[in-house]
Amino acid sequence: MIDTLTLLIVLMGAATVFLSVFVAIKFKQQSRRLSRESGRLSIALMFMLIGEACLGAGTLWFAVMAYLGKLPDVPIFVQSMVRVFIFSASSLTTIHLYLVTKRLEK
């Protein structure tokens, strides 16, 4: 039962990462057709979705390692660095989106 659930989590994780990247690409394409300010916001949203994809990819990595039974073999340092990458991507893209919206507010 747990293996089936973990496999389902892996599949959902892969779909989520794909969706984030797909929509990020669409925001990039859309930014070319928008006004300067709207284009900036569209790019900021693209980066936010890339950050979300990084979160999803990191979570997916942990799910795959758990599914394969390899997570206990992964050194704590490596697991910690994956988490640092995940949280860094998320926080930096969130800050970027905030700064862009503050600039557009002026």
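Observations
- Any hit, segment 33-44, residues being free of Cβ contacts under 8 Å to residues at least 12 places away in the same chain and among the aliphatic types (A, V, I, L, M): yes
Results for (1) among the acidic types (Asp, Glu); (2) at pLDDT below 95; (3) in a helix (DSSP H, G or I), shown as yes or no for each residue.
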position: Ile25; (1), (2), (3): no, no, yes
position: Glu37; (1), (2), (3): yes, yes, yes
position: Glu52; (1), (2), (3): yes, yes, yes
position: Leu60; (1), (2), (3): no, yes, yes
position: Val64; (1), (2), (3): no, yes, yes
position: Tyr67; (1), (2), (3): no, yes, yes
position: Ser80; (1), (2), (3): no, no, yes
position: Ile86; (1), (2), (3): no, yes, yes
position: Ser90; (1), (2), (3): no, yes, yes
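- Test: residue in segment 70-77 that is within 24 Å of Glu105 (Cβ to Cβ) and among the aliphatic types (A, V, I, L, M): no
- Residue in segment 59-80 that is in contact with a Leu (Cβ under 8 Å, 6 or more places away or on another chain), among the aliphatic types (A, V, I, L, M) and closer than 16 Å to Val21 by Cβ present: no
- Scanning segment 50-90 for residues that are polar (S, T, N, Q), in contact (Cβ under 8 Å) with a residue 40 or more places away in the chain and farther than 21 Å from Leu5 by Cβ returns no hits.
The values are calculated or read from the model by the stated rules, or taken from the named source; none is laboratory data. Here the structure is a predicted model, which is why all the values come from computation and not from measurement. Using ideal geometry, Cβ is built from the backbone for each residue, glycine included, and neighbour counts are taken over all protein chains shown.
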